[in-house]
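Notes follow the structure.
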């Protein structure tokens, strides 16, 4: 098992080796969480010869400590709250709602930016592989699982290159399958386990979605050809 990854593409390639049972299946698709999950999902989808799309989720960060999630929003109006954080920091309903309104507006903006007029993929009765570049508290992925479950897929698979063991355990109670390559303790943070953890831009997300939709890259193509 690797101790870390050079970049998100390498992480996706490594993750795909644990998902080979879904390779080439007509009823399976990869759903990446923007933005950082899209390069990982692109590499997974490419390796497994599966379609790629995005599943939009926004973290509700604690004001002044935005990296700490007090919950998350997903497409379809699903909201998942981290009650422990809310109670420990005495977050008021007014503060929570203000953050939720701001993140809901950003969720809508990203829907337009990434999807445009393209319809949502059919997810009912399909195997949906939810991919992110890593999990910390799991709030964002939990929101994605809850929202996706409303679409009645046949199976929800959560896949991430790195996550703390307690987060993986939490998600196993909510998804049909959870694949976490690296489960370090202490965890430190997702970015700690990447050499290159630069921010993924909206333009990169659109480019990778377009490339995945229009071309199947040959198996012998190396990482340099897909790096941005």
Conditions first: (1) touching a strand residue (DSSP E or B) at 6+ places or on another chain (Cβ under 8 Å); (2) more than 18 Å from residue 120 (Cβ to Cβ); (3) buried (at least 22 other Cβ atoms within 10 Å of the Cβ). Residue 38 passes all but one, so which condition is the exception?
(2)
Looking only at the range 51-69, and only at residues there that are under 16 Å from the mean Cα position of the chain (by Cα) and not in a strand (DSSP E or B), the one that is surrounded by the most Cβ atoms within 10 Å (Cβ to Cβ):
55
Scan the range 14-24 residue by residue and report those that are within 14 Å of residue 157 (Cα to Cα), surrounded by fewer than 19 Cβ atoms within 10 Å (Cβ to Cβ) and in contact (Cβ under 8 Å) with a residue 24 or more places away in the chain.
18, 20, 23
Across the range 70-88, what is the number of residues that are over 21 Å from residue 54 (Cα atoms) and surrounded by 15 or more Cβ atoms within 10 Å (Cβ to Cβ)?
5
The range 151-179 - residue that is more than 19 Å from residue 82 (Cβ to Cβ) and in a strand (DSSP E or B) and, of those, nearest to the chain's Cα centre (by Cα)
159
Of all residues in the range 102-150, which are in a loop (DSSP other than H, G, I, E, B), in contact with a strand residue (DSSP E or B) (Cβ under 8 Å, 6 or more places away or on another chain) and surrounded by 15 or more Cβ atoms within 10 Å (Cβ to Cβ)?
121, 123, 126, 132, 133, 134, 135, 136, 137
Scope the range 1-13; condition surrounded by fewer than 24 Cβ atoms within 10 Å (Cβ to Cβ) and closer than 16 Å to residue 160 by Cβ; matching residues
1, 2, 3, 4, 7, 9, 10, 13
Failed condition for residue 189, given (1) free of Cβ contacts under 8 Å to residues at least 40 places away in the same chain; (2) in contact with a strand residue (DSSP E or B) (Cβ under 9 Å, 6 or more places away or on another chain):
(1)
Boolean, residue 96 is touching a strand residue (DSSP E or B) at 6+ places or on another chain (Cβ under 8 Å), at pLDDT 90 or above and not in a strand (DSSP E or B)
yes
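The values are calculated or read from the model by the stated rules, or taken from the named source; none is laboratory data. Note that the structure is a prediction, hence the values are computed from the model and not measured. Every residue, glycine among them, receives a Cβ derived from its backbone with ideal geometry; neighbour counts consider all protein chains shown.
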